[in-house]
Number of protein chains: 2
Amino acid sequence: MASYWEIPGGVCAAKGFKAGGVHCGFKRKNLDLAIIFSEAEASVAGVFTTNIACAAPVKLCKARVASGKAWGVIANSGNANACTMGGDEAALQMAVLAEEATNVGEAGFLVASTGVIGEELDVSKVESHIKELASLASYDCEDAARAIMTTDTYPKVLSCAFKIGGVECHIGGIAKGSGMIHPNMATLLVFVTTDAAVPPAVLQAALSEDVKDSFNMVSVDGDTSTNDSCIVFANGLAGNAPIEANTKEFAVFCEALAFVTQGLSKMLAHDGEGATKLLTVHVSGAQTKSQARTVARSIVSSNLVKAAVFGEDANWGRIMCAAGYSGEDFDVSKTSVSFASEFGKVTVALNGVHSPFSEDEAAKVLSAKQIEILFGLGQGEEQATAWGCDLTYDYVKINGEYRS
Amino acid sequence: MASYWEIPGGVCAAKGFKAGGVHCGFKRKNLDLAIIFSEAEASVAGVFTTNIACAAPVKLCKARVASGKAWGVIANSGNANACTMGGDEAALQMAVLAEEATNVGEAGFLVASTGVIGEELDVSKVESHIKELASLASYDCEDAARAIMTTDTYPKVLSCAFKIGGVECHIGGIAKGSGMIHPNMATLLVFVTTDAAVPPAVLQAALSEDVKDSFNMVSVDGDTSTNDSCIVFANGLAGNAPIEANTKEFAVFCEALAFVTQGLSKMLAHDGEGATKLLTVHVSGAQTKSQARTVARSIVSSNLVKAAVFGEDANWGRIMCAAGYSGEDFDVSKTSVSFASEFGKVTVALNGVHSPFSEDEAAKVLSAKQIEILFGLGQGEEQATAWGCDLTYDYVKINGEYRS
């Protein structure tokens, strides 16, 4: 039985976290500036893009997360503040403006940006709206979740409660996708808050392990962005005894964290640019966890697999092909492939070769909006899950015209 | 000045090579079975897919190329003979049928297949057409070039002549693309013939080095296929003294080989599934050749870059982003990005940041059918070129419906 239960509230589900969003002008319309902050100083942990052309706010965050403590984050959409001349200064200014507006001490804020790369970020837009933003902040995170959206079609919000030593704690997050999404952190902004007391090093250990099975298992288009940031704050206001690594309490915390991050991961894949179907790839029978993850990511990232899912075509050869070029070594003659959905399950390959199946049955399974590919390696006991989406006309349309 | 000159003839430009193509029923209509063979036993070299789920004919070719000698190749389109139960036997049967029909000795033929993965290959189709095919073979390779096509829209043929010790030699090839094309050999079948005398080990050394700057620098969709094969035959009928490695003659031969393979590479990229534009990425200023190649391949493979090229959008941030996640380490502040075409050249980024440019001028440059991205690393003297295409609605359409 799960040790957590879902609750509403998202990034404001945990005690003492406020959030807000305003329109400040980075986008032509819609909310584009978000703030999330704690009423008490919080432990902080983060995981960031591996792209060496990383954006200025990512550099600022990496430096500040190292201190282990922070109060909040200010984030904008519509401009990535990446590959910009005045980027470092602009990111720092955003942090200072947020710190002043919320009366927290120096270096108390982290910064995140998402949007077009290579355009200078005009901080005056933040300056002229920061007081309004701080005053609007409330215990409802809907506006913040909307303000970080780029081509996302809906805000992504999830939260749950769990108990640590009899004390009820809360954890929740908001996230945005939905292009440039690929394992190793995508154009992904994720902010998670908890009122559990978790020392910074323990929080970082939990997060670093967690992303291996959550955000690093999501692929929309194979492009690892310049701005990916996943930041977790833990303010301790729930009043539990601080969680130590490798304890029963740590396991409970990690399970609740995974509920939030894996749930958000699924939403990100489901809302991938132009996507009409959520694609879930389960790899089982791997010799190692790492092998399972690599094969699952290779399959979910294949343009040809994704186009076949869009076309509702049981083209399992492409799945075998994508597993085959994953870089993992395995015995092809032990593998199997099945498709599953709410309309049933159909096995299309066994022992590495075609297994007779009804095309009508396969077509029915693949007509669902949520498709599972079950890839059995047959070499061991480990498994992993990756999430993606189909490749559609609209993906091309959205990305052919993004800047315009 | 180049030491070679273009001539017609393709895979039949070299003395003593015949080719032909027939329709035998793997495809509903159109030619689908090709033969190429030499009138004298030839040295042979090959490079094959790195996909571990490689097709049966690839396994056969790898084993036979190791002997260094062969007479020809039989190839079909419409069925990949990959992930099939009777695959090894079917591939062997195809070779035997070709050997009998052309009266060459045992193990004289190589085999290649391309098409749908996972369907058993019905050898009786080959059997009932092999005599017709052998008798139709001539010194015109057009039918053979057409018979290996899958979703290609035109046959790919190129050849040139060069001199070795005063003796005129010839080299030429045919190739097919056009999906599942990605560095490390794609769904790519390439057959090259030369009448130059080149010992097997020297031929293999030339080819293995050559593909690093030709077929391994082509990407259509990031999918490395189960069937990629590039095979070169050298029958020595030109009468030159056998070419030794690391001589002036070897350099001349490699230059002529590169003319053929790089030319075919460009055609493959140009005819990528659904492509409307040929995309050439030149990376210069790299510290090593390998760094230049890696960055060029990362840019040309990016879905977001490809979609921007389709949309004629000067979105250079995506180029910087793709270079940044290539895995290569470099100083972003030294990089530059330009777009070029028959309509001019526009520099859009300098020193890693935006360089003011006219959007009208950029739009004009990007309206051409052949677009070049010039990415300057500014860290050294090495360079590399990669070829790809735009990502279009039609790519999605073609691959959503491939099996049907």
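Taking segment B:304-344 as the range and being among the small types (Gly, Ala, Ser), more than 11 Å from every other protein chain (Cβ to nearest Cβ) and under 28 Å from the mean Cα position of the chain (by Cα) as the test, the residues that pass are B:338, B:340, B:341.
Scan B:108, B:78 and give me the residue that is touching a residue at least 40 places away in the same chain (Cβ under 8 Å) and more than 14 Å from chain A (Cβ to nearest Cβ). Step through it out loud before you land on a result.
On the way: B:78 fails: more than 14 Å from chain A (Cβ to nearest Cβ).
On inspection, the qualifying residue turns out to be B:108.
Per-residue answers, yes or no, for (1) more than 10 Å from chain A (Cβ to nearest Cβ); (2) at pLDDT 90 or above; (3) buried (at least 17 other Cβ atoms within 10 Å of the Cβ):
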{"residue": "B:301", "(1), (2), (3)": "no, no, yes"}
{"residue": "B:357", "(1), (2), (3)": "yes, yes, yes"}
{"residue": "B:372", "(1), (2), (3)": "yes, yes, yes"}
{"residue": "B:375", "(1), (2), (3)": "yes, yes, yes"}
{"residue": "B:380", "(1), (2), (3)": "yes, yes, no"}
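Of the residues making up segment A:15-58, just one is of a type in the set (Ser, Thr, Tyr), within 14 Å of chain B (Cβ to nearest Cβ) and either in contact with a Leu (Cβ under 6 Å, 6 or more places away or on another chain) or open to solvent by less than 30 Å² (accessible area, probe 1.4 Å) (or both), namely A:49.
Restricting to segment B:81-94, and then to whatever is open to solvent by 10 Å² or more (accessible area, probe 1.4 Å) and within 12 Å of another protein chain (Cβ to nearest Cβ), can you tell me which residue is farthest from residue A:308 (Cα to Cα)?
Here is the first cut: in segment B:81-94, the residues open to solvent by 10 Å² or more (accessible area, probe 1.4 Å) are B:83-86, B:88-89, B:92-93.
Then keep just the ones that are within 12 Å of another protein chain (Cβ to nearest Cβ); that gives B:83-86, B:88.
Working: B:83: 18, B:84: 20, B:85: 23, B:86: 25, B:88: 27 Å.
Checking each candidate, the answer is B:88.
Checking the stated criteria, residue A:397 turns out to be farther than 25 Å from residue A:294 by Cα and not in a loop (DSSP other than H, G, I, E, B). Looking at A:284, A:301, just one residue is touching a residue at least 60 places away in the same chain (Cβ under 8 Å) and under 25 Å from residue B:397 (Cα atoms), and that residue is A:301. Within segment B:168-188, being closer than 30 Å to residue A:305 by Cα and modelled with pLDDT of 95 or more holds for B:174, B:175. Inside segment A:281-299, can you point out the residues that are out of contact with any helix residue (DSSP H, G or I) (no Cβ under 8 Å at 6 or more places or on another chain), open to solvent by 10 Å² or more (accessible area, probe 1.4 Å) and not basic (Lys, Arg)? Those that are out of contact with any helix residue (DSSP H, G or I) (no Cβ under 8 Å at 6 or more places or on another chain), open to solvent by 10 Å² or more (accessible area, probe 1.4 Å) and not basic (Lys, Arg): A:287, A:288, A:290, A:294.
Before we move on, is residue A:259 under 21 Å from residue A:142 (Cβ atoms), at pLDDT 95 or above and open to solvent by 10 Å² or more (accessible area, probe 1.4 Å)?
Here the answer is yes, as residue A:259 does meet what is asked.
Here residue A:352 fulfils each of the conditions (1) within 12 Å of another protein chain (Cβ to nearest Cβ); (2) in contact with a Gly (Cβ under 8 Å, 6 or more places away or on another chain); (3) modelled with pLDDT under 95; (4) buried (at least 19 other Cβ atoms within 10 Å of the Cβ) apart from (2). The residues of segment A:256-303 that are part of a loop (DSSP other than H, G, I, E, B) and within 16 Å of the chain's Cα centre (by Cα), listed by number, are A:271, A:272, A:273. Just one of the numbered conditions (1) open to solvent by less than 30 Å² (accessible area, probe 1.4 Å); (2) at pLDDT below 90; (3) not in a helix (DSSP H, G or I) is not true of residue B:306: (3). Give me the pairs: first residue in segment B:20-40 and at positive phi, second residue surrounded by fewer than 22 Cβ atoms within 10 Å (Cβ to Cβ), beta-carbon distance under 9 Å, and six or more apart or on different chains, which are they? Between residues of segment B:20-40 that are at positive phi and residues that are surrounded by fewer than 22 Cβ atoms within 10 Å (Cβ to Cβ), the close pairs are B:25/B:122; B:25/B:125; B:25/B:128; B:25/B:129; B:30/B:23; B:30/B:146.
Yes or no: segment A:152-167 includes at least one residue that is in contact with a strand residue (DSSP E or B) (Cβ under 8 Å, 6 or more places away or on another chain), at pLDDT below 95 and within 14 Å of chain B (Cβ to nearest Cβ). No: segment A:152-167 contains no residue that is in contact with a strand residue (DSSP E or B) (Cβ under 8 Å, 6 or more places away or on another chain), at pLDDT below 95 and within 14 Å of chain B (Cβ to nearest Cβ).
Before we move on, is residue B:365 modelled with pLDDT of 95 or more and out of contact with any Gly (no Cβ under 8 Å at 6 or more places or on another chain)? Judged against the criteria, residue B:365 is not a match. When B:215, B:233 are screened for being within 21 Å of residue B:153 (Cβ to Cβ), of a type in the set (Phe, Trp, Tyr) and away from chain A (no Cβ under 14 Å), only B:215 passes. Checked against (1) open to solvent by 10 Å² or more (accessible area, probe 1.4 Å); (2) of a type in the set (A, V, I, L, M, F, W, C); (3) within 14 Å of chain A (Cβ to nearest Cβ), residue B:97 passes all but condition (3).
Scanning segment B:109-124 for residues that are in contact with a Cys (Cβ under 9 Å, 6 or more places away or on another chain) and under 11 Å from residue B:90 (Cα atoms) returns a single hit, B:111. Please give the number of the condition residue A:393 fails out of (1) within 27 Å of residue A:264 (Cβ to Cβ); (2) open to solvent by less than 10 Å² (accessible area, probe 1.4 Å). If we test residue A:393 against (1) within 27 Å of residue A:264 (Cβ to Cβ); (2) open to solvent by less than 10 Å² (accessible area, probe 1.4 Å), just (2) comes out false. Taking the conditions (1) open to solvent by less than 10 Å² (accessible area, probe 1.4 Å); (2) more than 14 Å from chain A (Cβ to nearest Cβ); (3) farther than 21 Å from residue A:393 by Cα in turn, residue B:269 satisfies each one other than (3). Here residue A:103 meets the list (1) touching a residue at least 40 places away in the same chain (Cβ under 8 Å); (2) polar (S, T, N, Q); (3) farther than 30 Å from residue B:298 by Cβ almost entirely, failing just condition (1).
The values are calculated or read from the model by the stated rules, or taken from the named source; none is laboratory data. Quantities reported herein were computed from a predicted structural model and do not represent experimental measurements. Cβ coordinates were reconstructed from backbone atoms using ideal geometry, including for glycine residues, and neighbour counts include every protein chain displayed. We work out accessible area using only protein heavy atoms, side chains counted, and drop any ligands, DNA or RNA first. Shrake-Rupley method; radii C 1.70, N 1.55, O 1.52, S 1.80 Å.
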